[in-house]
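Take a look at the structure below.
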Amino acid sequence: MTSGAAAGRYARALFDVVLKEGGDVETAQADFQQFVDLFEQHPVLATTLGNPAIPASKKQAVAKSLIERAGPISPVVGKIILLLAERDRILLLPEIARRYRERVMDHQKVIRGQVTTAIALPPDKLRALEQGLQAATGRKVVLETKVDPSIIGGVITRLGSTVYDGSVTTQLQKMKQALIEGAP
């Protein structure tokens, strides 16, 4: 099993257990992200716990100590951290967190997208665009903005794998192609 597939399974299991036990999926996400941040801030810790030469029992002891020092966290998150240490999968933390975050967003019917414009989009226009896309998709839309002067004008919106390209550059390319195809 690839590490991506394994991370997806761990994320799904974490999400399902949190829901089953009546926990708050967002709290579990924050608790889990706390450990991801810890490992990203201390690469030596991640390298050490990812080292196959170190016995699983020692990794579990370190993970247990980290959980105890973290303060109050969701018991489910604590269990999965220990399980990852036991199975020598602690290096999957960032990918599991990403996959879990996607599950939470899907559960909350939130879709992230990206909007690219030639100049910065004013906040009121961004909100209007988000509301229009929300009406079209039936989901809450959260857009990340990006400025790319090469599109000249208009907007390129990306929601998941769907792209809505209303840029001036694309329109000019379409006109050029139509003129080339129509020429004798």
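Can you tell which of Ala85, Ala53, Ala61 is more than 18 Å from Gln34 (Cα to Cα) and either in a helix (DSSP H, G or I) or among the hydroxyl-bearing types (Ser, Thr, Tyr) (or both)?
It is Ala61.
Among the residues of the stretch 39-50, write down those that are modelled with pLDDT under 90 and assigned to a helix (DSSP H, G or I). Write out each step before concluding.
From the stretch 39-50, those modelled with pLDDT under 90 are 39-40, 42-50; that's our starting set.
Phe39, Glu40, Pro43, Val44, Leu45, Ala46, Thr47, Thr48, Leu49, Gly50 - these are the residues of the stretch 39-50 that are modelled with pLDDT under 90 and assigned to a helix (DSSP H, G or I).
Table: residues versus (1) within 23 Å of the chain's Cα centre (by Cα); (2) part of a loop (DSSP other than H, G, I, E, B); (3) free of Cβ contacts under 8 Å to residues at least 24 places away in the same chain.
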position: Asp106; (1), (2), (3): yes, no, yes
position: Gly113; (1), (2), (3): yes, no, no
position: Glu130; (1), (2), (3): yes, no, yes
position: Thr169; (1), (2), (3): no, no, yes
position: Ala178; (1), (2), (3): no, no, yes
Out of (1) outside the structural domain of Thr145 (by TED's automatic domain parsing); (2) touching a helix residue (DSSP H, G or I) at 6+ places or on another chain (Cβ under 7 Å), what's the single condition that is false for Thr116?
(1)
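Which count do you get for residues in the stretch 7-16 that are buried (at least 17 other Cβ atoms within 10 Å of the Cβ) and in contact with a Lys or Arg (Cβ under 8 Å, 6 or more places away or on another chain)? Don't jump to the end; show me each part of the working.
Of the stretch 7-16, the ones buried (at least 17 other Cβ atoms within 10 Å of the Cβ) are 7-8, 10-11, 14-15.
From what is left, the residues that are in contact with a Lys or Arg (Cβ under 8 Å, 6 or more places away or on another chain) are 7-8, 10-11, 15.
Here the count works out to 5.
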Cβ-Cβ under 6 Å, sequence separation 6+ or interchain: first residue in the stretch 132-160 and more than 14 Å from Ile111 (Cα to Cα), partner of a type in the set (D, E, K, R) and part of a strand (DSSP E or B). Which pairs?
Ile156/Asp165
Considering only residues of the stretch 34-59 that are in contact (Cβ under 8 Å) with a residue 24 or more places away in the chain and surrounded by fewer than 18 Cβ atoms within 10 Å (Cβ to Cβ), which is nearest to Pro94 (Cα to Cα)?
Val36
Tell me, yes or no, whether the stretch 129-137 has at least one residue that is among the aliphatic types (A, V, I, L, M) and in the same structural domain as Gln33 (by TED's automatic domain parsing).
no
Among the residues of the stretch 7-31, write down those that are in a helix (DSSP H, G or I), within 11 Å of Ser74 (Cα to Cα) and of a type in the set (D, E, K, R).
Glu26, Asp31
Could you list, in sequence order, all residues of the stretch 132-164 that are over 20 Å from the mean Cα position of the chain (by Cα), loosely packed, with under 15 Cβ neighbours inside 10 Å and not in a helix (DSSP H, G or I)?
Gly138, Val147, Asp148, Ile152, Gly153, Tyr164
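The values are calculated or read from the model by the stated rules, or taken from the named source; none is laboratory data. Please read these numbers as outputs of a predicted model, since none were measured by experiment. Cβ sites come from the backbone with ideal geometry, for glycine too, and all protein chains shown count toward neighbours.
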